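Data block below; observations after.
Values quoted throughout were computed directly from the atomic coordinates according to the rules given, and no laboratory measurement underlies them. Just so we're clear, the structure is a prediction, and the values are computed from it rather than from any experiment. A quick note on method: Cβ atoms are made from the backbone with ideal geometry, for glycine too, and the neighbour counts reach across all protein chains shown.
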Amino acid sequence: MIAHLKGYLTGRLLVAMPYTDDSYLPKSLILVCGHDEKGAMGLILNQPIHDLTIQNLMEQMGLSPEATRSLDPVYGGGSVEEGRGFVLHTADYQTENTLTLGYGLAITATIDILSTIAHGEGPRHFLLLLGYVGWGPGQLDSEIQDNVWLPIEPDEDIIFQTHSHQKWGKAFSRLGIQEIMLSEVVGNT
């Protein structure tokens, strides 16, 4: 699914409006990995899977991660194919299986990157995610028109260095909008 998607919001962040009706995605921060006329695919960046660390996951795969990153959380990237893993990382690491998103970001979804990371090598920054979110043709565009999402340029600090429960707020504040000033009733006139 990732390989054929390349388009208008690819590489951008989607900041959920604070009063989104969708109970699965409130205050979500999503990186769009692909977007075109066929649909869109993204990864939720601020929903850690409780009690699942990189160490736990790598040990299940027979890998021994370096101690400095082993307690980092694994994130729930979305409800589609929750058993499928993705490593979102800085573009300083590339293989033939790496998809470059722009903005200095890339995704690699092979076990090779996990082995490289376990040995203390690989990208400068990364997140390990399971699953993804998807939209059908025109669906994401419609949700943006309905004020469900506000797209912004990605920020490496927000994605990789900010604690998961602070990512949405930090991204939302980059919009220059105060949440308290928003109405729970949204729409277009």
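Close amide H partners of LYS27, meaning residues 5 or more places away or on another chain with modelled amide H under 5 Å apart, are THR20. Rg over Rh for the range 13-181 works out to 0.96, both radii taken from alpha-carbon positions and Rh defined as the Kirkwood radius. Note that the range 122-131 has calculated 3J(HN,Hα) couplings of x, x, 4, 10, 7, 10, 9, 10, 10, x Hz, one per residue in order, obtained from phi through the Karplus relation 6.51 cos²θ - 1.76 cosθ + 1.60 (θ = phi - 60°); glycine and proline are x. Where a ≥ b ≥ c are the square roots of the eigenvalues of the C-alpha gyration tensor, would you call the range 40-106 rounded, which needs a/c under 1.5, or, failing that, prolate if a/b is larger than b/c, or oblate? Oblate, since a/c reaches 1.5 and b/c is not below a/b. The string of couplings for the range 104-115 from the Karplus curve (6.51, -1.76, 1.60, θ = phi - 60°) is x, 10, 8, 10, 10, 10, 10, 5, 4, 5, 5, 5 Hz, one whole number per residue in order, with x for Gly and Pro.
For LEU71 and ILE152, the difference between the fully extended length at 0.36 nm per residue and the C-alpha to C-alpha distance is 26.2 nm. Sorting ARG174, ARG124, ARG12 from the fewest to the most surrounding beta carbons within 10 angstrom yields ARG124, ARG174, ARG12.
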